[in-house]
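What follows is a single structure, written as structure tokens, with notes after it.
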2 protein chains.
Amino acid sequence: MKTLSGKEVVEAIETRLAGGVGWLKEQGVNPSLAVILVGDNPESHSYVKGKLVRAEKLGIHSQDHFLPAETTQEELEALVARLNEDPATHGILCQLPLPKGLDEPRITRLINPAKDVDCFHPYNFGLLAQGEHHLAPCTPAGIMEMLKHYQVPVSGKNVVVIGRSNIVGRPMSLLLSHKGVDATVTVCHSRTPDIAEHTRRADVLIVGIGRPEWIKADMVAEKAVVIDVGVNRVDDPSRPRGYRLAGDVAFDEVSARAAAITPVPGGVGPLTVIMLMRNTLLAAADQNSLKFPEHMDI
Amino acid sequence: MKTLSGKEVVEAIETRLAGGVGWLKEQGVNPSLAVILVGDNPESHSYVKGKLVRAEKLGIHSQDHFLPAETTQEELEALVARLNEDPATHGILCQLPLPKGLDEPRITRLINPAKDVDCFHPYNFGLLAQGEHHLAPCTPAGIMEMLKHYQVPVSGKNVVVIGRSNIVGRPMSLLLSHKGVDATVTVCHSRTPDIAEHTRRADVLIVGIGRPEWIKADMVAEKAVVIDVGVNRVDDPSRPRGYRLAGDVAFDEVSARAAAITPVPGGVGPLTVIMLMRNTLLAAADQNSLKFPEHMDI
């Protein structure tokens with residue numbers, strides 16, 4: 001059994017992206033990512049901090065727009081409009097969830113699709129669904145990179161995706177079943193009566209359902225590749241914080257059966273932020289009518 | 001075995017839509033559909049004629065814009081721009097394929113999404129993929145109506161869709177797996193090595209692969225519901241035209257095994273045009289900030 005390390009994949013991508021940043025700067029483009037955060041949800045603050053640190057580390061200019069929880073819809077829209085117009089801002093991310101009273105879909109749809117590095121805008125999501133995309137949502141795009149990095153074959157394989165969220169499951173299923181990728185994809189969800197019936201047939205199983213350690217060994221085919229997108233807090237009085245992080249997969253028993261598996265933490269988690277950086281570079285190049293040289297593999 | 005009649009479903013929808021047209025006119029809105037056809041592909045002309053006739057029959061104002069094959073990209077774009085701006089035009093359809101030299105994706109993306117009654121625009125397709133749609137592509141939307149009309153259960157059922165086109169297979173799979181519909185959907189395609197392995201597990205099988213009579217009885221589960229989207233010409237010297245129309249399903253043998261099946265012709269075919277009319281009404285209401293009364297079931 002092989003453990004698929006998010007860190008290893010991130011390092012490989014990071015090296016390529018660092019080259020991309022350098023190349024963009026040679027072309028006179030200073031890639032810049034604006035991150036909007038409204039209110040003081042500590043989890044959101046920690047996510048956003050991680051993104052800003054990663055950007056700076058890669059040489060991507062980052063702008064933090066931290067707004068108070070009382071920010072009005074009009075104020076938030078004015079900020080987005082200003083960033084949309086600013087030619088020096090290439091990526092705009094508005095950290096969700098927004099405080100109550102703010103209209104999330106409206107903000108999401110207001111972001112210029114060319115700068116929509118989260119790929120939440122319906123226009124970008126539609127291009128993705130039609131197989132014509134340029135940007136892809138960060139977590140599923142990161143999983144695609146991981147499968148590529150570890151040379152996990154997906155063409156002609158049965159892939160079962162558990163979960164149909166617009167951030168993970170749905171775009172994941174679309175990316176995998178497009179022409180050229182060619183997996184045969186089944187999407188299971190909370191209303192699937194017998195999920196095990198499907199998971200047992202999966203050559204590759206991707207789980208993002210938010211139920212700690214829910215996938216057991218007897219639900220997984222021998223030699224399957226298992227990608228665990230879940231991040232759940234499980235009470236654990238022996239830990240200083242009183243909890244530990246667990247995936248959606250019962251790692252110990254499933255790892256005894258699977259050909260390869262991602263751990264939690266350290267598997268899929270680290271991929272999301274690096275793919276956000278990649279989207280920022282793609283957006284910056286595109287907005288300046290530039291194309292990265294093929295060999296850079298951005 | 002039950003034969004699912006497209007005609008029966010169309011008649012039911014037509015009655016409701018006629019009510020919708022009357023209601024819109026009472027509100028002072030005269031629903032209007034513009035159909036653009038470039039060149040003289042006889043098949044396209046016949047499709048477009050069918051659409052125009054159906055519109056007139058329902059009391060929807062129709063505008064035909066028949067342009068010569070030599071039409072330039074600029075001329076076509078100017079027409080779309082004019083129709084986009086015209087408040088008396090609620091739906092715009094540009095019949096595909098366009099003659100060589102014209103940029104199809106560019107035209108598709110130029111149509112105002114609010115008037116995009118084919119639902120080919122990435123913005124509308126993205127809303128569909130995110131489960132936030134107002135309009136849906138006509139053929140899969142028609143199949144949803146057929147399943148509803150004949151009370152075919154899909155929630156919690158295994159649905160296998162064969163084909164991943166952006167017009168049929170892909171949007172079909174999305175519509176079926178959204179929250180509230182809740183099918184567990186598998187998308188098979190030309191690169192699926194063993195399609196029968198999947199089709200045999202299907203409670204509902206939807207086939208749009210373009211291979212005449214390719215689905216045989218031994219590929220179908222007993223008591224499955226089979227929806228055949230294929231329309232293929234098969235040589236038949238005994239027919240006056242030298243061919244007959246055949247679906248993707250071997251109707252005679254599969255119908256002996258299935259619980260219900262759509263014939264070709266007379267099954268899915270008639271649904272597409274009526275759903276185009278429905279989309280036109282939805283677009284006309286939406287553009288005038290109107291909502292059809294619930295009981296009209298538009």
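The values are calculated or read from the model by the stated rules, or taken from the named source; none is laboratory data. Source: prediction; values computed, not measured. So basically every Cβ, Gly included, is an ideal-geometry build from the backbone, and we count neighbours across all protein chains shown. Remember, those area values only see protein heavy atoms, side chains included, never the ligands or the DNA or RNA. Shrake-Rupley method; radii C 1.70, N 1.55, O 1.52, S 1.80 Å.
Observations on the model:
- Selection of segment A:126-143 for residues being of a type in the set (Gly, Ala, Ser) and over 15 Å from residue A:278 (Cβ atoms) yields A:126, A:129, A:131.
- Selection of first residues in segment A:91-104 that are assigned to a loop (DSSP other than H, G, I, E, B) and of second residues that are among the hydroxyl-bearing types (Ser, Thr, Tyr), restricted to Cβ pairs under 7 Å at least 6 apart or on distinct chains, gives the following pairs, ordered by first then second residue: A:95/A:44; A:95/A:47.
- Any chance residue A:80 is in contact (Cβ under 8 Å) with a residue 40 or more places away in the chain, assigned to a helix (DSSP H, G or I) and in the same structural domain as residue A:100 (by TED's automatic domain parsing): yes
- Verdict on residue A:36 being in contact with a Cys (Cβ under 6 Å, 6 or more places away or on another chain) and in contact (Cβ under 8 Å) with a residue 40 or more places away in the chain: yes
- Check on residue B:257, open to solvent by 10 Å² or more (accessible area, probe 1.4 Å), without any contact (Cβ under 8 Å) to a residue 40 or more places away in the chain and over 30 Å from residue B:31 (Cβ atoms): no
- In segment B:125-137, the qualifying residues are those that are in contact (Cβ under 8 Å) with a residue 12 or more places away in the chain and touching a Lys or Arg at 6+ places or on another chain (Cβ under 8 Å), and the one that is most open to solvent (accessible area, probe 1.4 Å) is B:131.
- Qualifying residue in segment B:227-234 (condition: in a loop (DSSP other than H, G, I, E, B), on the phi < 0 side of the Ramachandran plot and more than 18 Å from the chain's Cα centre (by Cα)): no
- Matching entry among B:120, B:125 (being within 14 Å of chain A (Cβ to nearest Cβ) and in a helix (DSSP H, G or I)): B:125
- Among the residues making up segment B:29-68, those that are in a strand (DSSP E or B), hydrophobic (A, V, I, L, M, F, W, C) and under 23 Å from residue B:298 (Cα atoms) are B:33, B:34, B:35.
- In segment B:146-157, the residues that are within 7 Å of chain A (Cβ to nearest Cβ) and open to solvent by less than 30 Å² (accessible area, probe 1.4 Å): B:156
- Positions within segment B:158-179 being more than 9 Å from chain A (Cβ to nearest Cβ) and either under 14 Å from the mean Cα position of the chain (by Cα) or assigned to a loop (DSSP other than H, G, I, E, B) (or both), in sequence order: B:163, B:165, B:167, B:168, B:169, B:172, B:175
- Tally of residues being within 19 Å of residue B:273 (Cα to Cα) and either surrounded by fewer than 20 Cβ atoms within 10 Å (Cβ to Cβ) or within 18 Å of the chain's Cα centre (by Cα) (or both) across segment B:75-103: 7
- Taking segment B:146-157 as the range and being in contact (Cβ under 8 Å) with a residue 60 or more places away in the chain and part of a loop (DSSP other than H, G, I, E, B) as the test, the residues that pass are B:150, B:152.
- Taking the criterion of being away from every other protein chain (no Cβ under 13 Å) and touching a Leu at 6+ places or on another chain (Cβ under 6 Å), the residues of segment B:130-145 that qualify are B:138, B:142, B:144.
- Of all residues in segment A:165-193, those that are more than 21 Å from residue B:203 (Cβ to Cβ) have Cβ atoms under 7 Å from Cβ atoms of residues that are in a loop (DSSP other than H, G, I, E, B) and hydrophobic (A, V, I, L, M, F, W, C), 6 or more apart or on another chain, in A:168/A:229; A:171/A:136; A:175/A:136; A:175/A:181; A:176/A:154; A:176/A:183; A:181/A:154; A:183/A:154.
- Test: residue in segment A:15-28 that is in a loop (DSSP other than H, G, I, E, B), more than 30 Å from residue A:100 (Cα to Cα) and in contact with a Ser or Thr (Cβ under 6 Å, 6 or more places away or on another chain): no
- Residue B:241 surrounded by fewer than 19 Cβ atoms within 10 Å (Cβ to Cβ), over 21 Å from residue B:6 (Cβ atoms) and either more than 14 Å from chain A (Cβ to nearest Cβ) or touching a Ser or Thr at 6+ places or on another chain (Cβ under 7 Å) (or both): yes
- Restricting A:220, A:234, A:264 to residues that are in the same structural domain as residue A:149 (by TED's automatic domain parsing), exposed (fewer than 15 other Cβ atoms within 10 Å of the Cβ) and of a type in the set (Val, Ile, Thr) narrows the list to A:234.
- When residues of segment A:180-194 are limited to those that are of a type in the set (Val, Ile, Thr) and in a loop (DSSP other than H, G, I, E, B), the one nearest to the other protein chains (Cβ to nearest Cβ): A:192
- Complete set of residues in segment A:106-117 that are open to solvent by less than 30 Å² (accessible area, probe 1.4 Å) and assigned to a loop (DSSP other than H, G, I, E, B): A:111, A:117
- Verdict on residue B:170 being of a type in the set (Lys, Arg) and open to solvent by less than 20 Å² (accessible area, probe 1.4 Å): yes
- Every condition in (1) away from chain A (no Cβ under 12 Å); (2) surrounded by fewer than 24 Cβ atoms within 10 Å (Cβ to Cβ); (3) among the β-branched types (Val, Ile, Thr) is met by residue B:206 except one, and the failing one is (2).
- Taking the criterion of being of a type in the set (A, V, I, L, M, F, W, C) and outside any strand (DSSP E or B), the residues of segment A:235-259 that qualify are A:250, A:251, A:254, A:256, A:258, A:259.
- Here residue B:197 fulfils each of the conditions (1) within 14 Å of chain A (Cβ to nearest Cβ); (2) open to solvent by less than 40 Å² (accessible area, probe 1.4 Å); (3) in a helix (DSSP H, G or I) apart from (2).
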